[in-house]
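To keep things clear, I will list the structure first and then write my remarks on it.
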Amino acid sequence: MITCAANLQQLSVFNYLQFFMYHVIAQPFSLESFTSLEDWFGDLQYLPGAMLLHSGRSSHENAQFHIASGFPLLTLELFASGKVNITAFDVSEYQLNDAARERLADVVSELHSNPMTGPDIFERAQQVQQALFADHRTPNNALPFQCGAMGFAGYDYGRFLEDLPQQAKDEYQTPVFSISYYGWSLVQNQQTNECWLCYSDLYSHPGFTEVTIPSAGKHYFTAAEKSKAEPIEFKLTSDWQSNMSEQEYKDKLHAIHEYLLSGDCYQVNLAQRFEARYQGCEWQAFQALSEANQAPFSAFLRTDKSCIVSCSPERFLSVRHGLIETKPIKGTRPRFRDAEQDKASKDALINSEKDQSENLMIVDLLRNDISKNALPHSVNVTGLFEIESFNAVHHLVSTIQAKLKPASHPFRLLQDAFPGGSITGAPKIRAMEIIDELEPHRRNIYCGSIFVYGVNGDFDSSICIRTLLFENQKVFCWAGGGIVADSVDQAEYEETFHKVNKILPVLAGFRKCKS
């Protein structure tokens, strides 16, 4: 494994000349004895760069495909300190052909020769995508992803884009930005159960088409298979603890009210962080949470020293055939088992002027954010104050669409809208300053974004709410809400628990039944 750490300083452009045309093969695939892609991925979840984007087994309109991959060609990581890691996997273990080895070596050399800075990492990420895959063609454009980039940007990546205070404590080892480039994937349509093995004919193992499940571990990734060990059973080893008491939360909410009344901002998102100690396999935690939440933007990511598990219901930005879409969530009510009580909760959200006002502020903010990379006069609100119901809560959701400028690209769109307005407030920068003042700890992955960018140009990303970070035998989970002038402290405090009532108790249950 080749690893480089550098402080990045300037932007450069890849000038890689393409002489040949390569293809992405998407061949129908049978999972055989495995019941689902999630079941199959269990054998790969320990691999370097293992990543599963999961649609949560739900009937939600955004819940169609599951995508799995691992052992990326190349990974770029940016840490809060500004340090950047460039990791290319050992080509002798990856068994690449000579053309692929030469190209990957050229890209890595260029990255070392022309260091990056935090603010330009999205542009460099786009250049790497072009250098690795610009000459690839994808016959099956119905699939959302086959080869390309997957990764995440934590909320605190925003500190490289704006000059923010440094009051909140940073306790994390996990990067604030990580992107990996994959030469293969397994994709399943959960609605039809059809499955495809997708791979680049440039970057694939010579015998890849003959690989059989769970072959990726036994044939393609031989080094990782040799090091595989039986997972230790997951369980919490302590109770959940918040980083603020109920009274502290309410005091902070009152401080926000003072900022609102003085005209500093219109809305501020305030979150509390829950922490517990754990031991064992994070994959088991993901399986339990996925079953409980069935969220359309669920994800499992393994980094070098941590693991991210997301059960997010919220899309941030997508681009498909040049059409931008964002779907901010703002407005929440709890679900109930009793049908009448559940309907009453839903109706209360539908008729809430306070929640509609809160939602509209964020719609206006996002219209402005995406307009930077949209064709003039193409930004439209196509859905306003619609109800989407999930296992734990009802949400108020709006939809904004626009056409991407030909001169732009999805990574630039993501950077210019980052972090999402639905989890900061408005105006965004002032709200972020207040968040840093009032929340005791930084957010890292929480309220960041997990994204996927395929060779065919399609892009999708989530807002990392209902998301957990596992590192150093500690698990962190956050819950927050938008505070406006007429917010009631007790109701806002209770709402944070509604949002994690399919997360904290689920993992706490491991402690009870496993100890």
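Which residues, counting only those in the stretch 155-198, are surrounded by 24 or more Cβ atoms within 10 Å (Cβ to Cβ), aromatic (Phe, Trp, Tyr) and under 21 Å from Gln45 (Cβ atoms)?
Correct list: Tyr181, Tyr182, Trp184.
Would you check which residues across the stretch 21-37 are assigned to a loop (DSSP other than H, G, I, E, B) and over 22 Å from His136 (Cα atoms) and list them?
Within the stretch 21-37, Ser30, Leu31, Glu32, Ser33, Phe34, Thr35, Ser36 meet the criteria.
From the list Arg103, Arg57, exactly one residue is among the basic types (Lys, Arg) and at pLDDT 90 or above. Which is it?
Arg103
Restricting to the stretch 138-183, name every residue that is under 20 Å from Ile308 (Cα atoms) and of a type in the set (A, V, I, L, M, F, W, C).
Ala149, Met150, Phe152, Ala153, Val176, Phe177, Ile179, listed by residue number.
Here is a check on your reading of the model: is Asp460 of a type outside the set (Lys, Arg) and in a helix (DSSP H, G or I)?
no
Restricting to the stretch 141-156, count the residues that are among the small types (Gly, Ala, Ser), under 11 Å from the mean Cα position of the chain (by Cα) and part of a strand (DSSP E or B).
2
Has the stretch 383-392 got any residue that is closer than 28 Å to Ile503 by Cβ, of a type outside the set (Gly, Ala, Ser), surrounded by fewer than 17 Cβ atoms within 10 Å (Cβ to Cβ) and within 21 Å of the chain's Cα centre (by Cα)?
yes
Looking at the stretch 393-408, which of the residues that are surrounded by fewer than 22 Cβ atoms within 10 Å (Cβ to Cβ) and more than 20 Å from the chain's Cα centre (by Cα) is nearest to Ile503 (Cα to Cα)?
Selected residue: Gln401.
To keep it simple, each residue is scored yes or no on (1) buried (at least 17 other Cβ atoms within 10 Å of the Cβ); (2) under 14 Å from Tyr182 (Cβ atoms); (3) not charged (D, E, K, R).
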| position | (1), (2), (3) |
| --- | --- |
| Asn85 | no, no, yes |
| Ala88 | yes, yes, yes |
| Leu96 | yes, yes, yes |
| Ala99 | no, no, yes |
| Glu102 | no, no, no |
| Ala105 | no, no, yes |
| Ile121 | yes, no, yes |
| Pro144 | yes, yes, yes |
| Ala153 | yes, no, yes |
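So, in the stretch 265-317, of the ones that are under 30 Å from Ser357 (Cβ atoms) and of a type in the set (A, V, I, L, M), which residue ends up modelled with the lowest pLDDT?
The residue in question is Ala295.
Please determine whether any residue of the stretch 409-422 is surrounded by fewer than 21 Cβ atoms within 10 Å (Cβ to Cβ), in a helix (DSSP H, G or I) and out of contact with any Cys (no Cβ under 9 Å at 6 or more places or on another chain).
For the stretch 409-422, residues surrounded by fewer than 21 Cβ atoms within 10 Å (Cβ to Cβ), in a helix (DSSP H, G or I) and out of contact with any Cys (no Cβ under 9 Å at 6 or more places or on another chain): present.
Restricting attention to strands (runs of 3 or more DSSP E) lying wholly within the stretch 235-346, give those where 3 or more residues are surrounded by 18 or more Cβ atoms within 10 Å (Cβ to Cβ) and either over 17 Å from the mean Cα position of the chain (by Cα) or among the basic types (Lys, Arg) (or both).
On the way: elements: 267-279, 297-302, 306-312, 315-320, 323-326, 329-334.
Because the criterion is at least 3 residues that are surrounded by 18 or more Cβ atoms within 10 Å (Cβ to Cβ) and either over 17 Å from the mean Cα position of the chain (by Cα) or among the basic types (Lys, Arg) (or both), the strands (runs of 3 or more DSSP E) in the stretch 235-346 that meet it are 267-279, 329-334.
Of all the residues that make up the stretch 157-181, how many are assigned to a loop (DSSP other than H, G, I, E, B) and in contact (Cβ under 8 Å) with a residue 12 or more places away in the chain? Working first, answer last.
Restricting attention to the stretch 157-181, the residues satisfying the condition of being assigned to a loop (DSSP other than H, G, I, E, B) are 161-168, 170-176.
Next, from what is left, pick out any that are in contact (Cβ under 8 Å) with a residue 12 or more places away in the chain: 161-162, 164-168, 170-176.
Counting residues in the stretch 157-181 that are assigned to a loop (DSSP other than H, G, I, E, B) and in contact (Cβ under 8 Å) with a residue 12 or more places away in the chain gives 14.
The values are calculated or read from the model by the stated rules, or taken from the named source; none is laboratory data. This structure is a prediction, so every number in the text was calculated from the model and none was measured. In this analysis, Cβ positions are derived from the backbone assuming ideal geometry, glycine residues included, and neighbour counts consider all displayed protein chains.
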